[in-house]
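These notes concern the structure reproduced below.
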Amino acid sequence: MSEEFSLRTYLRDIQPPFCAGCGAFTVMNTFLRAVHEMGHKDLRGFAFCSGIGCSSWIPSPHFKADTIHVTHGRSIPVATGVKLMRPDLNVVVFGGDGDIVGIGLSHLIHAARRNVDITVVMVNNMIYGMTGGQVAPTTPFKLPTTTTPYGNFERALDASKLIASAGACYVARWTTTHVSQLKESFKTAVNTKGFAFIEVISQCPTAFGRRVGFKDAGEMLQWFKANSVTVEEANKLTEEELQNKIVVGEFVKKEAPSLTETVYAVLKEAQKK
Amino acid sequence: MLNPGIKFMQGSQALAEAAITAGLRFFAGYPITPASEIAEHLAKELPKVGGIAIQMEDEIASIATIIGASWTGAKVMTATSGPGFSLMQENIGLAFMTETPLVIADMQRAGPSTGQATKCGQGDVMQARWGTHGDYASITLSPNSVQEMFDLTIRAFNLAEKYRTPVILLGDEIIAHMRESIIIPPKNSIEIVNRKKPRPGETMFFGGEEIPPMPSIGEGFNVTVTGSTHDEYGIRITADPVGHRKLVKRLVGKILNNADEIVEVEAYNTENCKIGVVSFGCTSRAVYEAVERANEKGVKTGFIRLKTLWPFPEKQVKVLAQTAKTILVPEMNLRQIFFEVTRVAEGAAKVVPLNKIGGGEMITPEEILAVLLKEGA
């Protein structure tokens, strides 16, 4: 870490499309800081996959790296194909909540079950931002959206909890206010042998915040901060007390044989015969 | 991998063996009748040559996974049937737009929907051409024997690599499941095509020439792959009308402008016939006998068997339409290739459909002969 961190080391000279105040800037910045602190002078050791949605634009085309920007919800299987053929690369998926746990949920669960050694970063802004603020599987109960103008009549999915139970080796959730913890989690995730999932609760001031009554992105961040409780704190709270709280921290950190290990073991075995 | 010589084997096995011979190193699929034998054979044989065969959670994941693997430089394939082929359509568009070489084997069964899952059909012809949304062009091959399951699979990989595009091998339940003797040629006599790779320092992977070079992930090219409209460097251009036209017209053009090289037919007696038959796949097997018997009975009959369905063999069918007064189009669907023949004939010949669906019952030589004798009289 002798050299000073500069985003320009890792980014193409292309204006990002994000709105002012968007949490995607924070995720992009924090991830690249983690990469820098891990000692990567460039992104050669990485491959990035993303689907459709604002946060899928974090790596593509902005990262000076190999990036594949694919169809809505399908970044995880594409990343699986890349990783299986190039186990030496760090394969990282960026996607929004709609992409990862809406249309692409089945792939997420299966990737965790297979324990494919990729990192999935889900930027959860609780809304379909790019298409104009429609209800997501992560939108809190009762909140109004453009497709639930009388309030969301469905419950929100706890993606981290789900993926922890599906077999992931590393699961963490932070908000865009927890930048130093998030940065450390990115490092842990990339170094995890097996499936790693990071959920970042992020602000969409344009399609979410202003509709539910936040003046600006800053107010949303304050809301995140005021309502976040750590995993340890959460363990002492009742389900009722946890209503509308954001539980942050590391949910899973374990070791298990990864998919590339088990697949290549089979290849070795088959070639003996 | 099979040694050269005469083998007795199933169509699906021939396809799988040919894929390995062509250089397949990554297969992903989802179980479906009548294509599961392909996945099963590859699961056993591919690891022996260091390749990976994996069963995914659905057909969408299967094609997505092989797209990812193809970008690492591997030759890739998936295999399915009608319902799974439908699920793959969006990502076929992605593969077309990102110029990702891959092979999709679709062993047709009787649809729509679950239909008759174990019975043969030829109803995916138009799905193979127009299944994804937007403007595109398809390369679709149609084998009619176990030998051709081998030969056309090799060709499918070669075309995918050469043109940097998805290629559909459109078989059917009958060809996939039947067993025949085939000749496996010596390895060094089989032409194998590999994708063109960029030289170090090259940056234009999505334009600049008809078929640009394709780098692999992890080679340091910083390749930007996107299903969005993009410029020659892979950078998204989502609003520029000129850029979109340029890209999509090149992608369509690289297939349609090379139709002469891609298209293959088997033509018989087309220059000197009163009546012609155009057919493909399993149905074409019944046509040989019907054509022979019609000629024996004095009805001068020609035959074009389409080994390539898409791009449609327009030139060859046009020649037939100018010679023959009538063209008969037998197919196991309710008219699909019929409309293409009608379009190409432009009224020069009367085009007669002969269709049969259900129960996997093939169109018989007698049924074809009856029409030939009636129309050729």
Problem set entry | Condition check for B:G218: buried (at least 17 other Cβ atoms within 10 Å of the Cβ), free of Cβ contacts under 8 Å to residues at least 24 places away in the same chain and within 30 Å of A:R12 (Cα to Cα) | no
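Going by what's in this entry, would A:S60 be described as of a type in the set (S, T, N, Q) and crowded, with 23+ Cβ neighbours inside 10 Å?
Judged against the criteria, A:S60 is a match.
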Exercise. Going through segment A:110-160 one residue at a time, which ones are open to solvent by less than 10 Å² (accessible area, probe 1.4 Å), assigned to a strand (DSSP E or B) and without any contact (Cβ under 8 Å) to a residue 24 or more places away in the chain?
Worked result: A:T148
Problem set entry | Whichever residue in segment B:198-215 is away from every other protein chain (no Cβ under 12 Å) and in contact (Cβ under 8 Å) with a residue 40 or more places away in the chain and, among such residues, is surrounded by the most Cβ atoms within 10 Å (Cβ to Cβ) | B:M214
Seminar exercise, completed: When segment A:88-109 is checked residue by residue, the ones that are assigned to a strand (DSSP E or B) and either surrounded by 24 or more Cβ atoms within 10 Å (Cβ to Cβ) or among the basic types (K, R) (or both) are A:V91, A:V92, A:V93, A:F94, A:G95, A:G96
Exercise. Restricting the first residue to segment B:92-120 and requiring it to be farther than 17 Å from B:G29 by Cα, which pairs with a second residue that is among the acidic types (D, E) and part of a strand (DSSP E or B) meet a Cβ separation below 7 Å and a spacing of at least six or different chains?
Worked result: B:C120/B:D172
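So which residues in segment A:49-87 are part of a strand (DSSP E or B) and not β-branched (V, I, T)? If you could, list the steps in order and put the result at the bottom.
Step one: of segment A:49-87, the residues part of a strand (DSSP E or B) are A:49-50, A:63, A:66-69.
Across segment A:49-87, the qualifying residues are A:C49, A:S50, A:F63, A:D66, A:H69.
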Exercise. Can you find even one residue in segment B:134-148 that is in contact (Cβ under 8 Å) with a residue 40 or more places away in the chain, part of a helix (DSSP H, G or I) and crowded, with 20+ Cβ neighbours inside 10 Å?
Worked result: yes
Exercise. In segment A:231-244, which residues are at pLDDT 95 or above and surrounded by 13 or more Cβ atoms within 10 Å (Cβ to Cβ)?
Worked result: A:V231, A:E233, A:A234, A:L237
Problem set entry | Every residue from segment A:75-87 that is of a type outside the set (S, T, Y) and either closer than 18 Å to B:T229 by Cα or open to solvent by less than 10 Å² (accessible area, probe 1.4 Å) (or both) | A:I76, A:P77, A:V78, A:A79, A:G81, A:V82, A:L84
Exercise. Only one of (1) polar (S, T, N, Q); (2) assigned to a loop (DSSP other than H, G, I, E, B); (3) touching a strand residue (DSSP E or B) at 6+ places or on another chain (Cβ under 8 Å) is not met by A:Q181, so which one is it?
Worked result: (2)
For this session: Select the helices (runs of 4 or more DSSP H) contained entirely in segment B:1-117, then report the ones holding at least 1 residues which are away from chain A (no Cβ under 14 Å) and crowded, with 24+ Cβ neighbours inside 10 Å.
Result: B:11-22, B:36-45, B:82-98
For this session: Take segment B:235-270 and flag every residue that is touching a Leu at 6+ places or on another chain (Cβ under 9 Å), within 30 Å of B:V371 (Cα to Cα) and either of a type in the set (D, E) or open to solvent by 30 Å² or more (accessible area, probe 1.4 Å) (or both).
Result: B:E264, B:V265, B:E266, B:A267
Seminar exercise, completed: The condition of being over 30 Å from B:G50 (Cβ atoms) and among the basic types (K, R) holds, among A:K236, A:K272, only for A:K236
Exercise. With respect to A:A226, is the statement that it is in a helix (DSSP H, G or I) and open to solvent by 10 Å² or more (accessible area, probe 1.4 Å) true?
Worked result: yes
Exercise. Do we find a residue being assigned by TED's automatic domain parsing to the domain that holds B:Q13, within 28 Å of B:M362 (Cα to Cα) and acidic (D, E) anywhere in segment B:92-111?
Worked result: yes
Exercise. Of the residues in segment A:179-212, how many are open to solvent by 10 Å² or more (accessible area, probe 1.4 Å), among the charged types (D, E, K, R) and under 16 Å from the mean Cα position of the chain (by Cα)?
Worked result: 3
Exercise. Looking at segment B:258-269, is at least one residue modelled with pLDDT of 95 or more, within 18 Å of A:I68 (Cβ to Cβ) and outside the structural domain of B:A69 (by TED's automatic domain parsing)?
Worked result: no
Problem set entry | Among (1) within 10 Å of another protein chain (Cβ to nearest Cβ); (2) touching a Phe, Trp or Tyr at 6+ places or on another chain (Cβ under 7 Å) - the single one A:R74 does not satisfy | (2)
Seminar exercise, completed: Considering residues that are more than 9 Å from chain B (Cβ to nearest Cβ) and polar (S, T, N, Q), the number found within segment A:42-67 is 3
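The values are calculated or read from the model by the stated rules, or taken from the named source; none is laboratory data. Here the structure is a predicted model, which means the values were calculated and not measured. Here the Cβ is made from the backbone with ideal geometry for all residues, glycine too, and neighbour counts use every protein chain on show. Ligands, DNA and RNA are stripped out before the accessible areas are found, and what is left, the full protein with its side chains, is counted by its heavy atoms. Shrake-Rupley method; radii C 1.70, N 1.55, O 1.52, S 1.80 Å.
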